[in-house]
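Please read the structure below before turning to the comments.
FYI, it's all coordinate maths here, none of it is from the lab. Note that the structure is predicted; figures quoted are calculated from it, not measured. Cβ atoms come from the backbone with ideal geometry, glycine included; neighbour counts cover every protein chain shown.
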Amino acid sequence: MTGPEVYRRRQAALAAKMTAGLAVTVAIMIVATGIGAVDIPPRTVLVILARAVSGRQLFPSWPVDPSFVTIMLQLRLPRVLLAALVGASLGLAGAAMQGFLRNPMADPYITGVSSGAALGATIAIVAGVPVIGWWSGSVPVFAFAGAVAALSLVLFLGRVNGTLAVVPLILAGVAVSSLLSAVVSLMMVLHEPRLEQVFFWLMGGFSGRGWTEAGVVAGYLLVCGFVLMGQAVPLNALALGDDDARSLGVDVRRSQYLVLGASAVLTAAAVSESGLIGFVGLVVPHMARLVVGPDHRFLLPASGLGGAALMVLADLVARLAMRPAEIPVGVITALVGGPFFLYLLHRTRRAGAGWASR
Amino acid sequence: MSDEIVYRLHGVSFSYPDAPVPAVTEVSAHVVAGEMIALIGPNGAGKSTLLGLLGGLAKPAKGQLEFLGRPVSQWLSRERAQAIAMIRPELDSAFPLTVFDVVALGRVPYLGRWGRLTHEDVRVVFEALEAAGLAGMESRLVATLSQGERQRAVLARALAQKPRVLLLDEPIAHLDLAYQLDTLRRLSALAAEGVTVIAALHDINLAAQFFNRIWLLSDGRLVGDGPPASVIDGPTVARVFHVDVSVWVDPLTRRPQVSIPAR
């Protein structure tokens, strides 16, 4: 077999893996939609979904309990969708940030976006603003504004002679993050009556969220995902360094701002609607790299899919583990993500070849 | 071989921001297609900076630098990358890239928005792997390559760009004797096909043996430009490099060679 044939066969295998990943993610979402205080069988979930999407009474012979329809369309489905969208956003943004910063330890929160969102949300909660909603004066809007403000500060501090440099950017992110986190802690101590509310927001979760939140995140994911996919090839070239990328015809500065801007805005949107959910943006790109390799044309969508599947599962555990009480999703992702990341680290060290292998 | 003029430099100067003295000062020269030029000079003489200017990565502060009749800064970066390939000896990545991944990056200047490699792109990549002596190694992880193989992967990436001009910064710096000869022979073969090769080298003797034209840089100025025999002589090398040397002529190739007496 000649080299080009091997290459084509490998591309076909990658495409098959992506398709399988999509199928598994959708299956997880359907099952997760059915499970809860009231269990709905997956087939009924599909029937309700088909009827809702088509607007017609499809499969008329299939009996459906009307209360199932309400539970599914108003509570479960938007929640599962939001979890999937937030997970996809964090996974995608994480993969893009790791590629852009050429650092496998990077995550979407490294730009200070998360701590900015946390401060914005804390201010809003302390001021007595409703936690859910998208109109001006709701917690997500405050969180988003905080995230954008923190990002601007980090970008301003991380520039050297007008261009972005990796190390100053990371340092500025770390510094701004710890500063803002300290302010959040201070506000929590000073406003004890609201402490629990702030704490639960910080741990992240999807309870009580609905179609509006899912719609907001979907919009950002669509636009930012499009921008990031267009930067997959520049990200591949940037893996070798700025100078090499430039000599390959990549407009490095434009790519830097597009990748950083799109990932940060995407992260800000996800965090504002769901709180701080850790480890997904860090771990998922590594898992995706194990499966599809380092080529960002495949890595970015694979990280999105992986993030979606993982987050839906994490939310399922959060809903079920201590029924009827809910555990914040951020606790689950950290509990699972931390050890898994250590396992990856161990595995890679044993393999002895960079950060993973195909 | 055509004598199309590839580069026309007239009084080219460049300074880094905040640097007290310019890195490149008033360099003027013409370069014809298929020439093979060695850029020699002490550390800090401006070799890498001059290569960067020729490659369009930086813009001359003064003077004109034309590439194929057009100021190099007016070339679109994509167009420029289809015509000029630049390589430095290091190849490192934070992620586990294969040899194929690295060489395929040479096709970046030709790819569409979503980066799909066409059949033609894939064919060119494998041709480049073959030409650089890496046939059958496309699935190896770069991290597992020897230094010599790594440098050939970098060369293959440049070949996949199908460039008119190849600019190399220390292409043989970390290589043993056999790999040095191997690389220099590959470069000579490319030049014979009409590719213009300009390489910054520390090894004056190899430069004199393999290159027909030497550019000697000293403190950013082009103080020597011509065939090795006219540029490399004892007093000049002693003055530029601040060492006492003796220069003799290789009886087989008639090229000048430099010896450093150990005292």
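Partner chain Cβ atoms within 10 Å, averaged over the residues of B:67-74 - can you pull that number for me?
Going residue by residue through B:67-74 and averaging, the value is 0.
Fewest to most neighbouring Cβ within 10 Å: what's the order for A:Val45, B:Val247?
B:Val247, A:Val45
Compute the Cα gyration tensor for the protein assembly as shown, then decide on rounded, prolate or oblate, letting a ≥ b ≥ c be the square roots of its eigenvalues: rounded whenever a/c is under 1.5, prolate when a/b is larger than b/c in the other cases, and oblate in all that remain.
Prolate, since a/c reaches 1.5 and a/b exceeds b/c.
Give, in whole angstrom and from largest to smallest, the semi-axes √(5λ) of the equivalent ellipsoid of chain A, with λ running over the eigenvalues of the Cα gyration tensor.
That gives 33, 29, 18 Å for the three semi-axes.
Find the eigenvalues of the gyration tensor of the Cα atoms of chain B, then list the square roots of 5 times those eigenvalues as equivalent ellipsoid semi-axes, largest first, in whole angstrom.
Taking √(5λ) for each eigenvalue gives 31, 23, 17 Å, largest first.
Which net charge results for the neighbourhood of B:Leu39, defined as the other residues with beta-carbon distances under 15 angstrom from its beta-carbon, given Lys and Arg at +1 and Asp and Glu at -1?
Net charge in that neighbourhood comes out at -2.
Let me know the mean shielding of B:75-85 by other chains, meaning the per-residue number of their Cβ atoms within 10 Å of its Cβ.
3
Of B:Phe95, B:Leu111, B:Gln147, which is farthest along the charge dipole of the range B:92-162 in the positive direction, counting Lys and Arg as +1 and Asp and Glu as -1 at C-beta?
Projecting each Cα onto the dipole axis, the largest value belongs to B:Leu111.
Can you pull a Stokes-Einstein diffusion coefficient for the range B:92-162 at 20 °C (1.002 mPa s), Rh from Kirkwood over Cα pairs, as a whole number of µm²/s?
In µm²/s, the coefficient is 180.
What is the fewest-to-most order of B:Phe241, B:Phe100 by other Cβ atoms lying within 10 Å of their Cβ?
B:Phe241, B:Phe100
Please rank A:Thr44, B:Thr183, fewest neighbouring Cβ atoms within 10 Å first, as an exposure proxy.
Ordered from fewest to most neighbouring Cβ atoms within 10 Å, A:Thr44, B:Thr183 come out as A:Thr44, B:Thr183.
Dipole of the protein assembly as shown (Lys/Arg Cβ +1, Asp/Glu Cβ -1, origin at the Cα centre): which of B:Leu217, A:Val141, A:Leu49 lies farthest to the positive side?
It is A:Leu49, whose Cα lies furthest towards the positive end.
Between A:Leu248, A:Leu310, A:Leu164, find the one with the highest GNM mean-square fluctuation for chain A; connect C-alpha pairs within less than 10 Å.
Maximum among the listed residues: A:Leu248.
So for the range A:1-78, what are the equivalent ellipsoid semi-axes in whole Å, largest first, each being the square root of 5 times an eigenvalue of the Cα gyration tensor?
After diagonalising the Cα gyration tensor, the semi-axes are 38, 14, 9 Å.
Which ³J(HN,Hα) values, rounded to whole Hz and listed in residue order, are derived for the range A:233-248 from phi using the Karplus coefficients 6.51, -1.76 and 1.60 in 6.51 cos²θ - 1.76 cosθ + 1.60 with θ = phi - 60°, glycine and proline given as x?
Working through the residues one at a time gives 5, x, 5, 4, 5, 5, 4, 8, x, 4, 5, 4, 4, 5, 5, 8 Hz.
Which ³J(HN,Hα) values, rounded to whole Hz and listed in residue order, are derived for the range B:231-243 from phi using the Karplus coefficients 6.51, -1.76 and 1.60 in 6.51 cos²θ - 1.76 cosθ + 1.60 with θ = phi - 60°, glycine and proline given as x?
9, 8, 9, x, x, 5, 4, 4, 5, 6, 9, 6, 9
How large is the dipole of the protein assembly as shown about the Cα centre if only Lys and Arg carry +1 and Asp and Glu carry -1, each at its Cβ, rounded to the nearest 20 debye?
Dipole of the protein assembly as shown, to the nearest 20 debye: 1080 debye.
Summing +1 for each Lys or Arg and -1 for each Asp or Glu, what net charge is found among the other residues whose Cβ lies under 12 Å from the Cβ of A:Phe59?
In short, +3.
Choose one answer from B:Tyr110, B:Tyr179, B:Tyr16: the residue with the largest mean-square fluctuation in a GNM of chain B with alpha-carbon springs under 10 Å.
Highest fluctuation of the listed residues: B:Tyr16.
With +1 assigned to the C-beta of every Lys and Arg and -1 to the C-beta of every Asp and Glu, and no other charges, what is the dipole magnitude of chain B about the Cα centre in debye, to the nearest 20?
420
With unit charges on the beta carbons (Lys and Arg positive, Asp and Glu negative) and the dipole taken about the Cα centre of chain B, which residue among B:Pro60, B:Thr253, B:Pro235 sits farthest to the positive side?
Going by the charge dipole, the pick is B:Pro60.
How large is ³J(HN,Hα), in whole Hz, for each residue of the range B:30-35 in order, when computed from phi with the Karplus curve 6.51 cos²θ - 1.76 cosθ + 1.60 and θ = phi - 60°, using x for Gly and Pro?
Here the 3J(HN,Hα) series is 10, 10, 9, 4, x, 6 Hz.
Taking each residue of B:122-128 in turn, how many C-beta atoms of other protein chains fall within 10 Å of its C-beta, and what is the average?
Neighbouring Cβ atoms belonging to other protein chains average 3 per residue here.
How large is the charge dipole for the range B:92-162, taken about the Cα centre, if only the Cβ atoms of Lys, Arg (+1) and Asp, Glu (-1) carry charge, to the nearest 20 debye?
Taking the Cα centre of the range B:92-162 as origin, the dipole is about 160 debye.
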